[in-house]
1. Apply 1/(1 + (r/R0)^6) to the Cβ-Cβ distance of E76 and F24, taking R0 = 22 Å, and write down the FRET efficiency to the nearest 0.05.
2. First measure r as the distance between the Cβ atoms of L9 and Q53, then evaluate 1/(1 + (r/R0)^6) with R0 = 25 Å and state the FRET efficiency to the nearest 0.05.
3. For a 27 Å ceiling on Cα separation, which of these pairs sit above it: K39/K74; K7/K74; K15/K74; K13/K70; K19/K75?
4. How would you rank 13-23, 52-62, highest first, on the average number of other Cβ atoms within 10 Å across their residues?
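What follows is calculated from the coordinates using simple rules that are stated; it is not laboratory data. Computed from a predicted model, the values in this text were never measured in an experiment. A quick note on method: Cβ atoms are made from the backbone with ideal geometry, for glycine too, and the neighbour counts reach across all protein chains shown.
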Amino acid sequence: MAGARLKDLQIKKAKPSDKPYKLFDGGGMFLYVTPTGAKVWRWQFRFNGKYQQMSLGPYPEVSLEEARLKIRDKKEFCTAGVTRWRSVKKRKGAASLHSKITLR
C-alpha cells in the first residue's frame, strides 16, 4: 500500500492494543497509539545523517490536517539547517549566559 494516506475515520477507529503501534501517513509522519489509548502525532526524519523523531501533539487536539501543516513548516526549517533542538539549545545557552553575567 505505498502512497496510502491516513483518513480521519481510520484514526477514530484506532483502538488500543497490548503493544503500542503506528499508523503511517507518509513522509515520516505517523500516529502512535499506546496501550492506554493515547494517540500522538510523531514525525521521523533524518537530519545531518542522524535519525530524529519529533512529537507534533496529541490527537484530537492536533487534527490530521494540522499535523500535516506542522510537518510542512518543520521541513522548511530542516532544509534551512535549523531544528527545534538547535534553536532551543541556543535560547537556553543565551539564557544561561545572561544568568551568569553579574554586574558589580
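1. 0.50
2. Once the sixth-power term is evaluated, E becomes 0.45.
3. K15/K74; K19/K75
4. 52-62, 13-23
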